[in-house]
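The values are calculated or read from the model by the stated rules, or taken from the named source; none is laboratory data. The shown structure was predicted, so the numbers you read here are calculated from the model rather than taken from an experiment. In this analysis, Cβ positions are derived from the backbone assuming ideal geometry, glycine residues included, and neighbour counts consider all displayed protein chains.
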Amino acid sequence: VTRESVLSLLVVLPDGQLLRTGRRTIKGVAGYDMNALLIGSEGTLGIVVEAVLRLRPKPRFTSTMVAYFADENTAAQAASAVIAARLQPSVLELMDGKSLGAIDAALGTSHRQRGGALLLAQTDGFGAHLEMQALTQAIAPLANHVELAENEEEAHALIEARRQAIPSMELLGTVSICDIGVPRNRLAEAFAGLKRIEAERGVEIFTIAHAADGNLHPIIVLPEGQSITTGTAKLALADMFYLAQELGGTLTGEHGIGLLKQDWLAEEIGETSLQLQRRLRAVFDPQGILNPGKAI
């Protein structure tokens, strides 16, 4: 995640002072972790004007695979099987059948004909091919079809479907990308819950997921000009939060709170934490001039 790649920040505080956080070393625990506090604060504590990022070497070897499954539930079980096997792929992306259908309509591909859900996996490093063998064995009992890339061009072609998922949905209407996280062994239950919400609320939900993280992106596609902040679309958002909460998860894995998710923040973190965070924000910005009304 982002915070693991940011070594230090230069931040302009609301009173004009410059604050340097973090350090250029990999390790360092002097004082509170101001770096982590500012990352993800959505511009409510200061304005980042410089960031020192950790560079990682490009892997010498990679192995790429795509597998098709009967449905999202089976694909989610396969993703959980990968984690249960203690494998650590660099990529493990899951797309549901509706997403595959949107991609096919946009690109003229035939992913949906091969299965009701897709799992894209990539391993890297000197043991990439060995890890991919173990990964393939873990999901094989559940998969309809597995394709391994033989070269970089084939790998790019397999990855292209994931890259084109959201642009393909944008051809169908107004897209709102939602963001919930659940424990990785409960992915299948999350997909089943999203299907239930779609049916009950009568909204179109397409789901892609960073399966290795348990981070799902249910994407609500609305008719052009319709708002996500009112009506059944907003009710569906609330249902998604309560689904994640029921499964021991969170209303946002990576996108943050902003304005849209403020209604449910206190229910997740508790009133004590919320008030403490508001007081912390006031320490940085007593006049409330930074991104007013957002996040906390």
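Candidates are the residues of the range 165-180 that are surrounded by fewer than 16 Cβ atoms within 10 Å (Cβ to Cβ) and more than 14 Å from the chain's Cα centre (by Cα); the one that is farthest from Met65 (Cα to Cα) is Gly173. Selection within the range 1-30: residues that are surrounded by 10 or more Cβ atoms within 10 Å (Cβ to Cβ) and among the β-branched types (Val, Ile, Thr). The member of this set that is farthest from the chain's Cα centre (by Cα) is Val12. For the range 181-202, the criterion of being without any contact (Cβ under 8 Å) to a residue 60 or more places away in the chain, closer than 19 Å to Val66 by Cβ and either within 16 Å of the chain's Cα centre (by Cα) or assigned by TED's automatic domain parsing to the domain that holds Asn73 (or both) is satisfied by no residue at all. Inside the range 130-155, residues that are more than 12 Å from Leu120 (Cα to Cα), part of a helix (DSSP H, G or I) and modelled with pLDDT under 95 make up a count of 3.
Taking first residues from the range 224-245 that are farther than 19 Å from Ala192 by Cβ and partners that are at pLDDT 95 or above and surrounded by fewer than 18 Cβ atoms within 10 Å (Cβ to Cβ), no Cβ contact under 7 Å between residues at least 6 apart in sequence or on separate chains turns up.
Note on the range 92-117: residues that are over 19 Å from Asn185 (Cβ atoms) and touching a residue at least 40 places away in the same chain (Cβ under 8 Å) total 14. Residue-level check: of (1) at pLDDT 90 or above; (2) surrounded by fewer than 18 Cβ atoms within 10 Å (Cβ to Cβ); (3) part of a helix (DSSP H, G or I), Ile289 misses just (3). Looking across the range 45-82, the residues that are over 30 Å from Leu290 (Cβ atoms), charged (D, E, K, R) and free of Cβ contacts under 8 Å to residues at least 60 places away in the same chain come down to Arg56, Lys58, Asp71. Within the range 110-121, identify whether any single residue is in a loop (DSSP other than H, G, I, E, B) and closer than 13 Å to Asp71 by Cα, and answer yes or no. Yes, the range 110-121 contains a residue that is in a loop (DSSP other than H, G, I, E, B) and closer than 13 Å to Asp71 by Cα. If we scan the range 246-259, do we find a residue that is among the hydrophobic types (A, V, I, L, M, F, W, C), in contact with a Lys or Arg (Cβ under 9 Å, 6 or more places away or on another chain) and closer than 22 Å to Gln77 by Cβ? Yes, some residue in the range 246-259 is among the hydrophobic types (A, V, I, L, M, F, W, C), in contact with a Lys or Arg (Cβ under 9 Å, 6 or more places away or on another chain) and closer than 22 Å to Gln77 by Cβ.
If the condition is being out of contact with any Asp or Glu (no Cβ under 9 Å at 6 or more places or on another chain) and either aromatic (Phe, Trp, Tyr) or not in a loop (DSSP other than H, G, I, E, B) (or both), then the range 35-63 contributes Asn35, Ala36, Leu37, Leu38, Ile47, Val48, Val49, Glu50, Ala51, Val52, Leu53. State yes or no: is Thr64 surrounded by 11 or more Cβ atoms within 10 Å (Cβ to Cβ), modelled with pLDDT of 95 or more and hydroxyl-bearing (Ser, Thr, Tyr)? Criteria met by Thr64.
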